[in-house]
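Colleague: Sharing a structure below in C-alpha coordinates format, with a few things to ask.
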Amino acid sequence: MTIEQITGRLTTIWKIRPSLHREQLWLPFFFLAPSILVMVLVIVLPMLYSFYISLTDFTLTTAANVNFVGLANYWGLFQDPIFWQAFGRTILFVALAVNIELLLGLIIAHMMAKVGFGRDFLRTVIMIPMMFAPILVGFQFKWFFNDQVGLVNNLLWTLTGQAHIIPWLVDQRLGFIAILVAEIWMSTPFMVIILQAGILSLPREPFEAAEVDGASEWQKFHHLTLPMLMPFIYTAMAIRSLDIARIYDVVSIMTGGGPGHRTELIWTYINRLAFTGQKFALGSAMSYITVVLSALFTCWFFYNVINSRWSGEEK
(Lines give C-alpha, C1' and ligand atoms only; values in the text may rest on other atoms or scores of the structure.)
Protein backbone atom coordinates (compact mmCIF):
# COMPACT_ATOMS: atom_id res chain seq x y z
CA MET A 1 0.00 0.00 0.00
CA THR A 2 1.42 3.33 -1.03
CA ILE A 3 1.79 6.35 1.21
CA GLU A 4 -0.91 8.21 -0.77
CA GLN A 5 -3.45 5.41 -0.11
CA ILE A 6 -2.66 5.34 3.62
CA THR A 7 -3.02 9.13 3.82
CA GLY A 8 -6.34 8.98 1.97
CA ARG A 9 -7.75 6.38 4.37
CA LEU A 10 -6.64 8.32 7.42
CA THR A 11 -8.27 11.45 6.04
CA THR A 12 -11.54 9.57 5.44
CA ILE A 13 -11.53 8.14 8.99
CA TRP A 14 -10.79 11.61 10.42
CA LYS A 15 -13.80 13.06 8.60
CA ILE A 16 -16.12 10.25 9.71
CA ARG A 17 -15.04 10.28 13.40
CA PRO A 18 -16.82 13.54 14.43
CA SER A 19 -20.15 12.31 13.05
CA LEU A 20 -19.72 8.97 14.86
CA HIS A 21 -18.82 10.84 18.04
CA ARG A 22 -21.99 12.95 17.78
CA GLU A 23 -24.10 9.82 17.26
CA GLN A 24 -22.56 8.18 20.32
CA LEU A 25 -23.40 11.24 22.41
CA TRP A 26 -27.06 11.27 21.38
CA LEU A 27 -27.56 7.51 21.47
CA PRO A 28 -28.10 7.24 25.29
CA PHE A 29 -30.64 10.07 25.21
CA PHE A 30 -32.46 8.32 22.39
CA PHE A 31 -32.87 5.15 24.46
CA LEU A 32 -33.80 7.13 27.59
CA ALA A 33 -36.35 9.30 25.77
CA PRO A 34 -39.39 7.01 26.44
CA SER A 35 -38.72 6.82 30.18
CA ILE A 36 -38.02 10.57 30.36
CA LEU A 37 -41.30 11.25 28.55
CA VAL A 38 -43.20 9.03 30.99
CA MET A 39 -41.59 10.80 33.97
CA VAL A 40 -42.50 14.20 32.54
CA LEU A 41 -46.12 13.18 31.96
CA VAL A 42 -46.58 11.29 35.23
CA ILE A 43 -44.43 13.31 37.67
CA VAL A 44 -43.30 16.70 36.38
CA LEU A 45 -46.55 17.97 34.84
CA PRO A 46 -48.77 16.91 37.80
CA MET A 47 -46.31 18.55 40.22
CA LEU A 48 -46.33 21.78 38.23
CA TYR A 49 -50.13 21.75 38.10
CA SER A 50 -50.28 21.05 41.83
CA PHE A 51 -47.96 24.01 42.47
CA TYR A 52 -50.26 26.20 40.39
CA ILE A 53 -53.24 24.96 42.42
CA SER A 54 -51.43 25.88 45.64
CA LEU A 55 -51.29 29.50 44.44
CA THR A 56 -55.05 29.72 43.88
CA ASP A 57 -58.23 29.41 45.94
CA PHE A 58 -59.26 26.21 44.16
CA THR A 59 -61.87 24.06 45.90
CA LEU A 60 -64.13 21.35 44.57
CA THR A 61 -67.21 23.54 44.96
CA THR A 62 -65.62 26.58 43.26
CA ALA A 63 -63.70 24.82 40.49
CA ALA A 64 -65.34 27.02 37.84
CA ASN A 65 -64.22 30.27 39.50
CA VAL A 66 -60.54 29.99 40.41
CA ASN A 67 -58.68 33.09 41.56
CA PHE A 68 -54.94 33.58 41.89
CA VAL A 69 -54.06 34.29 45.54
CA GLY A 70 -50.27 33.95 45.51
CA LEU A 71 -48.74 32.75 48.76
CA ALA A 72 -51.91 33.24 50.81
CA ASN A 73 -52.38 29.48 51.26
CA TYR A 74 -48.84 29.07 52.58
CA TRP A 75 -49.30 32.00 54.95
CA GLY A 76 -52.60 30.51 56.13
CA LEU A 77 -50.90 27.20 56.92
CA PHE A 78 -48.19 28.93 58.95
CA GLN A 79 -50.97 30.45 61.07
CA ASP A 80 -52.78 27.12 61.49
CA PRO A 81 -52.03 25.55 64.91
CA ILE A 82 -53.19 22.11 63.77
CA PHE A 83 -50.62 22.20 60.95
CA TRP A 84 -47.82 22.93 63.42
CA GLN A 85 -49.04 20.19 65.75
CA ALA A 86 -49.14 17.67 62.90
CA PHE A 87 -45.75 18.87 61.63
CA GLY A 88 -44.08 18.60 65.04
CA ARG A 89 -45.70 15.23 65.72
CA THR A 90 -44.42 13.96 62.36
CA ILE A 91 -40.85 15.11 63.13
CA LEU A 92 -41.01 13.39 66.52
CA PHE A 93 -42.48 10.24 64.97
CA VAL A 94 -39.75 10.07 62.31
CA ALA A 95 -36.97 10.66 64.85
CA LEU A 96 -38.20 8.00 67.27
CA ALA A 97 -39.07 5.41 64.62
CA VAL A 98 -35.81 5.74 62.66
CA ASN A 99 -33.57 5.65 65.73
CA ILE A 100 -35.38 2.72 67.37
CA GLU A 101 -35.37 0.80 64.07
CA LEU A 102 -31.66 1.57 63.65
CA LEU A 103 -30.84 0.36 67.16
CA LEU A 104 -32.88 -2.83 66.78
CA GLY A 105 -31.50 -3.35 63.27
CA LEU A 106 -27.91 -3.05 64.47
CA ILE A 107 -28.47 -5.50 67.32
CA ILE A 108 -30.28 -8.09 65.19
CA ALA A 109 -27.92 -7.74 62.20
CA HIS A 110 -24.84 -8.07 64.44
CA MET A 111 -26.29 -11.18 66.08
CA MET A 112 -27.26 -12.71 62.73
CA ALA A 113 -23.76 -12.09 61.38
CA LYS A 114 -22.42 -14.34 64.15
CA VAL A 115 -24.75 -17.19 63.15
CA GLY A 116 -23.24 -19.77 60.84
CA PHE A 117 -25.96 -22.37 60.35
CA GLY A 118 -29.50 -21.27 59.44
CA ARG A 119 -28.66 -17.65 58.55
CA ASP A 120 -30.71 -17.74 55.35
CA PHE A 121 -33.71 -19.16 57.22
CA LEU A 122 -33.45 -16.42 59.87
CA ARG A 123 -33.21 -13.77 57.16
CA THR A 124 -36.37 -15.09 55.56
CA VAL A 125 -38.24 -15.15 58.87
CA ILE A 126 -37.15 -11.59 59.71
CA MET A 127 -38.47 -10.35 56.36
CA ILE A 128 -42.02 -11.61 57.04
CA PRO A 129 -43.32 -8.26 58.45
CA MET A 130 -42.21 -6.53 55.23
CA MET A 131 -44.48 -8.82 53.22
CA PHE A 132 -47.64 -7.36 54.78
CA ALA A 133 -49.31 -4.38 53.13
CA PRO A 134 -49.42 -1.29 55.39
CA ILE A 135 -53.22 -1.39 55.35
CA LEU A 136 -53.21 -4.94 56.71
CA VAL A 137 -50.68 -3.92 59.38
CA GLY A 138 -52.98 -1.06 60.34
CA PHE A 139 -55.97 -3.39 60.74
CA GLN A 140 -53.85 -5.93 62.61
CA PHE A 141 -52.56 -3.45 65.20
CA LYS A 142 -55.92 -1.72 65.44
CA TRP A 143 -57.26 -5.03 66.73
CA PHE A 144 -54.21 -5.54 68.97
CA PHE A 145 -54.77 -2.18 70.69
CA ASN A 146 -58.57 -2.28 70.82
CA ASP A 147 -59.69 -1.25 74.30
CA GLN A 148 -62.41 -3.90 74.58
CA VAL A 149 -61.29 -7.04 72.74
CA GLY A 150 -57.68 -6.14 71.92
CA LEU A 151 -54.81 -8.55 72.42
CA VAL A 152 -52.76 -6.09 74.51
CA ASN A 153 -55.46 -5.38 77.11
CA ASN A 154 -56.37 -9.07 77.31
CA LEU A 155 -52.70 -9.96 77.78
CA LEU A 156 -52.46 -7.45 80.64
CA TRP A 157 -55.60 -8.99 82.16
CA THR A 158 -54.03 -12.46 81.95
CA LEU A 159 -50.76 -11.31 83.51
CA THR A 160 -52.22 -9.20 86.35
CA GLY A 161 -55.59 -10.89 86.95
CA GLN A 162 -57.38 -7.54 86.68
CA ALA A 163 -59.42 -6.16 83.80
CA HIS A 164 -57.54 -3.38 82.00
CA ILE A 165 -59.54 -1.16 79.66
CA ILE A 166 -56.80 1.13 78.35
CA PRO A 167 -57.94 3.46 75.54
CA TRP A 168 -54.84 2.97 73.40
CA LEU A 169 -56.26 4.48 70.21
CA VAL A 170 -58.13 7.34 71.89
CA ASP A 171 -55.55 8.81 74.23
CA GLN A 172 -53.09 11.15 72.52
CA ARG A 173 -49.85 9.67 73.90
CA LEU A 174 -51.01 6.05 73.86
CA GLY A 175 -52.30 6.40 70.30
CA PHE A 176 -48.95 7.81 69.24
CA ILE A 177 -47.17 4.88 70.90
CA ALA A 178 -49.51 2.35 69.26
CA ILE A 179 -48.81 3.74 65.78
CA LEU A 180 -45.09 3.85 66.56
CA VAL A 181 -45.09 0.18 67.60
CA ALA A 182 -46.87 -0.80 64.38
CA GLU A 183 -44.37 1.12 62.24
CA ILE A 184 -41.35 -0.33 64.06
CA TRP A 185 -42.67 -3.89 63.74
CA MET A 186 -43.29 -3.45 60.02
CA SER A 187 -40.07 -1.67 59.01
CA THR A 188 -37.28 -2.90 61.30
CA PRO A 189 -36.55 -5.86 58.94
CA PHE A 190 -35.52 -3.34 56.26
CA MET A 191 -32.85 -1.97 58.58
CA VAL A 192 -31.73 -5.50 59.45
CA ILE A 193 -31.28 -6.51 55.80
CA ILE A 194 -29.32 -3.36 54.85
CA LEU A 195 -27.07 -3.44 57.92
CA GLN A 196 -26.46 -7.17 57.70
CA ALA A 197 -25.38 -6.76 54.10
CA GLY A 198 -23.00 -4.03 55.24
CA ILE A 199 -21.58 -6.13 58.08
CA LEU A 200 -20.98 -9.14 55.81
CA SER A 201 -19.19 -6.93 53.26
CA LEU A 202 -16.67 -5.54 55.76
CA PRO A 203 -13.03 -6.64 55.34
CA ARG A 204 -11.87 -9.27 57.84
CA GLU A 205 -8.23 -8.14 58.17
CA PRO A 206 -8.85 -5.28 60.66
CA PHE A 207 -10.91 -7.59 62.90
CA GLU A 208 -8.23 -10.29 62.82
CA ALA A 209 -5.60 -7.71 63.75
CA ALA A 210 -7.82 -6.44 66.59
CA GLU A 211 -8.21 -10.00 67.92
CA VAL A 212 -4.45 -10.42 67.90
CA ASP A 213 -4.14 -7.19 69.90
CA GLY A 214 -6.66 -8.51 72.44
CA ALA A 215 -9.55 -6.13 71.64
CA SER A 216 -12.92 -6.94 73.20
CA GLU A 217 -16.15 -7.39 71.23
CA TRP A 218 -17.34 -3.91 72.21
CA GLN A 219 -14.05 -2.33 71.16
CA LYS A 220 -14.17 -4.06 67.79
CA PHE A 221 -17.78 -2.96 67.29
CA HIS A 222 -17.18 0.63 68.42
CA HIS A 223 -13.87 1.27 66.65
CA LEU A 224 -14.18 -0.95 63.56
CA THR A 225 -17.70 -2.13 62.74
CA LEU A 226 -19.58 1.08 63.44
CA PRO A 227 -17.27 3.52 61.58
CA MET A 228 -17.09 1.28 58.51
CA LEU A 229 -20.87 0.81 58.57
CA MET A 230 -21.63 4.54 58.50
CA PRO A 231 -22.32 4.70 54.71
CA PHE A 232 -24.84 1.87 55.08
CA ILE A 233 -26.35 3.47 58.19
CA TYR A 234 -26.79 6.87 56.53
CA THR A 235 -28.30 5.30 53.42
CA ALA A 236 -30.75 3.19 55.42
CA MET A 237 -31.70 6.13 57.63
CA ALA A 238 -32.27 8.39 54.62
CA ILE A 239 -34.55 5.86 52.93
CA ARG A 240 -36.47 5.08 56.11
CA SER A 241 -36.82 8.74 57.11
CA LEU A 242 -38.39 9.69 53.79
CA ASP A 243 -40.60 6.61 53.89
CA ILE A 244 -41.81 7.23 57.45
CA ALA A 245 -42.32 10.96 56.86
CA ARG A 246 -45.03 10.15 54.32
CA ILE A 247 -46.71 7.49 56.42
CA TYR A 248 -50.46 7.47 55.86
CA ASP A 249 -51.92 3.97 55.59
CA VAL A 250 -51.22 2.74 59.12
CA VAL A 251 -52.30 6.00 60.78
CA SER A 252 -55.42 6.28 58.65
CA ILE A 253 -56.56 2.76 59.54
CA MET A 254 -55.64 2.78 63.23
CA THR A 255 -56.79 6.25 64.32
CA GLY A 256 -57.57 8.32 61.22
CA GLY A 257 -55.56 11.14 62.80
CA GLY A 258 -58.16 11.53 65.54
CA PRO A 259 -59.99 11.79 67.68
CA GLY A 260 -59.80 15.57 67.69
CA HIS A 261 -56.48 15.66 65.73
CA ARG A 262 -54.75 13.91 68.67
CA THR A 263 -52.73 11.59 66.45
CA GLU A 264 -52.70 13.74 63.32
CA LEU A 265 -49.60 13.47 61.16
CA ILE A 266 -48.74 15.63 58.20
CA TRP A 267 -50.12 13.35 55.48
CA THR A 268 -53.35 12.52 57.29
CA TYR A 269 -53.90 16.25 57.73
CA ILE A 270 -53.25 16.80 54.01
CA ASN A 271 -55.86 14.15 53.22
CA ARG A 272 -58.28 15.76 55.68
CA LEU A 273 -57.87 19.20 54.10
CA ALA A 274 -57.72 18.23 50.43
CA PHE A 275 -60.23 15.40 50.16
CA THR A 276 -62.44 15.46 53.24
CA GLY A 277 -62.55 19.26 53.49
CA GLN A 278 -62.29 19.72 49.68
CA LYS A 279 -59.62 22.42 50.13
CA PHE A 280 -57.31 21.27 47.38
CA ALA A 281 -55.30 24.49 47.32
CA LEU A 282 -54.37 24.21 51.01
CA GLY A 283 -53.60 20.51 50.58
CA SER A 284 -51.32 21.25 47.62
CA ALA A 285 -49.53 24.00 49.54
CA MET A 286 -48.90 21.68 52.48
CA SER A 287 -47.69 18.95 50.10
CA TYR A 288 -45.15 21.32 48.58
CA ILE A 289 -43.89 22.34 52.00
CA THR A 290 -43.23 18.68 52.82
CA VAL A 291 -41.61 18.09 49.40
CA VAL A 292 -39.16 20.97 49.87
CA LEU A 293 -38.28 19.88 53.41
CA SER A 294 -37.84 16.27 52.24
CA ALA A 295 -35.51 17.41 49.43
CA LEU A 296 -33.37 19.43 51.87
CA PHE A 297 -33.34 16.53 54.31
CA THR A 298 -32.24 14.11 51.56
CA CYS A 299 -29.42 16.43 50.45
CA TRP A 300 -28.18 16.67 54.04
CA PHE A 301 -28.26 12.89 54.48
CA PHE A 302 -26.41 12.14 51.25
CA TYR A 303 -23.86 14.82 52.09
CA ASN A 304 -23.14 12.80 55.23
CA VAL A 305 -22.99 9.60 53.17
CA ILE A 306 -20.36 11.11 50.86
CA ASN A 307 -18.35 12.44 53.80
CA SER A 308 -18.47 9.07 55.56
CA ARG A 309 -17.22 7.33 52.41
CA TRP A 310 -14.36 9.80 52.00
CA SER A 311 -13.36 9.54 55.64
CA GLY A 312 -13.46 5.73 55.36
CA GLU A 313 -11.19 5.80 52.31
CA GLU A 314 -8.74 8.14 54.05
CA LYS A 315 -8.55 5.82 57.05
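Colleague: Considering only the range 43-55, state which residues are in a helix (DSSP H, G or I) and either modelled with pLDDT under 85 or open to solvent by less than 100 Å² (accessible area, probe 1.4 Å) (or both).
Modeller: Let us first name the residues in the range 43-55 that are in a helix (DSSP H, G or I), namely 43-54.
Once the filter is applied, which keeps residues that are in a helix (DSSP H, G or I) and either modelled with pLDDT under 85 or open to solvent by less than 100 Å² (accessible area, probe 1.4 Å) (or both), the range 43-55 yields Ile43, Val44, Leu45, Pro46, Met47, Ser50, Phe51, Ile53, Ser54.
Colleague: For the subset of the range 236-265 comprising residues that are touching a residue at least 12 places away in the same chain (Cβ under 8 Å) and at positive phi, which member is farthest from the chain's Cα centre (by Cα)?
Modeller: If we take residues in the range 236-265 being touching a residue at least 12 places away in the same chain (Cβ under 8 Å) and at positive phi, then His261 is farthest from the chain's Cα centre (by Cα).
Colleague: While we're on this one: Could you please give the count of residues in the range 55-84 that are within 18 Å of Trp267 (Cβ to Cβ) and more than 30 Å from the chain's Cα centre (by Cα)?
Modeller: 0
Colleague: Need pairs with beta-carbon distance below 7 Å; first residue under 13 Å from Met111 (Cα atoms) and within the range 194-209, second open to solvent by 20 Å² or more (accessible area, probe 1.4 Å); sequence gap 6+ or separate chains.
Modeller: Going by the 7 Å Cβ cut-off, the qualifying pairs are Leu195/Leu106; Leu195/Phe232; Gln196/Ala113; Ile199/His110; Ile199/Ala113; Leu200/Ala113.
Colleague: Just to check your reading of the model, which residue among Arg89, Arg119 is out of contact with any Pro (no Cβ under 8 Å at 6 or more places or on another chain), of a type in the set (Lys, Arg), more than 29 Å from Val251 (Cβ to Cβ) and open to solvent by less than 90 Å² (accessible area, probe 1.4 Å)? Steps first, please.
Modeller: Working: Arg89 fails: more than 29 Å from Val251 (Cβ to Cβ).
Going through Arg89, Arg119 in turn, just one is out of contact with any Pro (no Cβ under 8 Å at 6 or more places or on another chain), of a type in the set (Lys, Arg), more than 29 Å from Val251 (Cβ to Cβ) and open to solvent by less than 90 Å² (accessible area, probe 1.4 Å): Arg119.
Colleague: Tally time: how many residues in the range 57-86 are farther than 24 Å from Met237 by Cα, open to solvent by less than 40 Å² (accessible area, probe 1.4 Å) and either modelled with pLDDT of 90 or more or assigned to a helix (DSSP H, G or I) (or both)?
Modeller: Residues meeting the conditions: 5.
Colleague: Being of a type in the set (S, T, N, Q) and buried (at least 17 other Cβ atoms within 10 Å of the Cβ) is the filter; apply it to the range 217-237 and report the residue that is farthest from Phe301 (Cα to Cα). If you could, list the steps in order and put the result at the bottom.
Modeller: To start, the set of residues in the range 217-237 that are of a type in the set (S, T, N, Q) comprises 219, 225, 235.
Subsequent filtering for residues that are buried (at least 17 other Cβ atoms within 10 Å of the Cβ) retains 225, 235.
On the way: Thr225: 20, Thr235: 8 Å.
My answer is Thr225.
Colleague: If you don't mind, another one. Which is surrounded by 17 or more Cβ atoms within 10 Å (Cβ to Cβ) and either within 30 Å of Phe297 (Cα to Cα) or not charged (D, E, K, R) (or both), of Gly150, Gly214? Explain how you work it out, then say what you get.
Modeller: Values: Gly214 fails: surrounded by 17 or more Cβ atoms within 10 Å (Cβ to Cβ).
It is Gly150.
Colleague: Also, quick follow-up: Output the number of residues of the range 92-116 satisfying the condition of being open to solvent by 40 Å² or more (accessible area, probe 1.4 Å) and more than 15 Å from Glu183 (Cα to Cα).
Modeller: Taking the range 92-116 as the starting set, the residues that turn out to be open to solvent by 40 Å² or more (accessible area, probe 1.4 Å) are 92, 95-96, 99-100, 103-104, 107-108, 110-111, 114-116.
Going one step further and asking which of them are more than 15 Å from Glu183 (Cα to Cα), we end up with 107-108, 110-111, 114-116.
Count: 7.
The values are calculated or read from the model by the stated rules, or taken from the named source; none is laboratory data. Just so you know, these numbers come straight off a predicted model, no measurement behind them. So basically every Cβ, Gly included, is an ideal-geometry build from the backbone, and we count neighbours across all protein chains shown. When the accessible area is computed, the model is the full protein with side chains, heavy atoms only, and any ligands, DNA or RNA have been set aside. Shrake-Rupley method; radii C 1.70, N 1.55, O 1.52, S 1.80 Å.
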